[in-house]
Every structure is written in structure tokens, then in C-alpha cells.
Amino acid sequence: MDNETLYTLICNLFFPVLGLLVWGGSWLFGNLHQNKLLLKLDTEEKALEGRTNPVTNLSKPSQARQIASSSLVMESISVGPSWWQMLMGGIKNLFGGKINSYDKMLTYGRRVVIHRLRMQAIQSGFDEVINLRVETAMISKKSKGDDKTAAFEFTAYGTAIRYSASQD
């Protein structure tokens, strides 16, 4: 076997294998990273269980008590998909339908932004957050005329209220 044939054989095997390793590694490490983030968020949310500090999208307070003060609270986060999620989303986008590869990332983004908003309200001494709204915006970049999804921004805002100490 001469050197040119050996070189061609190595190139024909190496680059496809390298591509598979890159995409497979992206899938593996992306899933591991996202699962670690979700477990951390689960732990933080469970630590708040049982506390009376509801966050709701209702426009009226849950208690018929005098309101001492209120304030706008707002949090935002940007979350980006892994290469694997972008590849699977691009393939699914060609055929139409729900893009399942983004579900874990979108769920994480919504949960984190609501959790941070709740923590902000607690740290500021508020009893409840009402009229919660969560907005999602896609941040993309133009590449040769195509929009490439780079990240999603989640913004949550609501009215934090503090009840009076005395019940009238």
C-alpha cells in the first residue's frame, strides 16, 4: 500500500469519525450539563416548599388583607441550546412539527426565571407575587441569509406585594 492510498484511507475514516465524536460528545456533555442544572434547580425549589410566598398569574391577591406596599419585580435569563439540540432542531424544522430537542432547555429557562423572581421577592421581604408574566424571545444571528438560533431569553415580571402586619 503506497503513502497516497494510506493517506486517503485515513482521511476518509478520520474526518467522519471525528464528526461523530464531536456531535456525540455534544449530546453527551450537553445532556449531562443540563441534567446537573435541573437537579440543582430541583434542590433549590424543594428548599422553598412549604414557605408561604406564592407566585401566581392571577391579578388579585390570594388574601383579603390590607396591602402595605407593592413593587414591580423582574428577572431575566438567557439560555442557549447545545450543538446537538440545534442539529436535531434543524432536522425537525425541515420536516415540520414540534421541536422536542428544545423542550428541556425551554423548561429549564422558564423554571429558573420564575425561581429567581420568587427569590428576589423573598429577599426583598414581600409576601406574594401576583400578575406574573413570562416572556420568551429568541436571540438569533444572521449567517449567509439564514437565521441561526443562538439563545433564548426569558423575562419574568410581576407585582410583589407585602401585606400589613395587622389584619383589618
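None of the figures in this text is laboratory data; all of them are computed from the coordinates on show. Model, not experiment: these values are computed from the prediction. Heads up, the Cβs are rebuilt from the backbone with ideal geometry, glycines too, and the neighbour counts pull from every protein chain shown.
Against the main long axis of the alpha-carbon atoms of the chain, helix 103-123 sits at an angle near 30°. Relative to the longest principal axis of the Cα atoms of the chain, the long axis of helix 83-95 lies at roughly 90 degrees. How large is log10 of I(q)/I(0) for the chain at q = 0.13, 0.18, 0.20 Å⁻¹ when the intensity is taken from the Debye formula with one equal scatterer per alpha-carbon? Once normalised to I(0) and log-transformed, intensities are -0.79, -1.13, -1.25. The calculated 222 nm mean residue ellipticity attributable to helices in the chain amounts to -17000 deg cm²/dmol, summing -39500 (n - 2.57) over DSSP H runs of n ≥ 4 and dividing by all residues. For the chain, the longest principal axis of the C-alpha atoms and the axis of helix 3-47 are separated by about 10°. For the stretch 8-126, the relative contact order is 35 percent, taking Cα pairs closer than 8 Å that sit 6 or more residues apart in sequence and dividing their mean separation by the residue count.
Looking at N3, N131, W84, which one has the Cα that reaches farthest to the positive end of the dipole of the stretch 3-163 (charges on Cβ: Lys, Arg +1; Asp, Glu -1)? Farthest towards the positive end: N131. Beyond 28 Å in Cα-Cα separation lie the following of the pairs K92/K141; K104/K141; K40/K60; K46/K104: K40/K60. Ordered by the count of other Cβ atoms within 10 Å of each Cβ, fewest first, F29, F95 give F95, F29. About the centre of its Cα atoms, the chain shows a dipole size close to 360 debye [charges on the beta carbon of Lys, Arg (+1) and Asp, Glu (-1) only; nearest 20 debye]. Take every DSSP beta bridge whose two residues both sit in the stretch 3-163; close to 95 percent of them are antiparallel. By the beta-carbon count within 10 Å of each Cβ, the least crowded to most crowded order of S82, S70, fewest first, is S70, S82. Averaging 1/r over every pair of different alpha carbons in the stretch 68-125 and inverting the result gives a Kirkwood radius of 13.6 Å.
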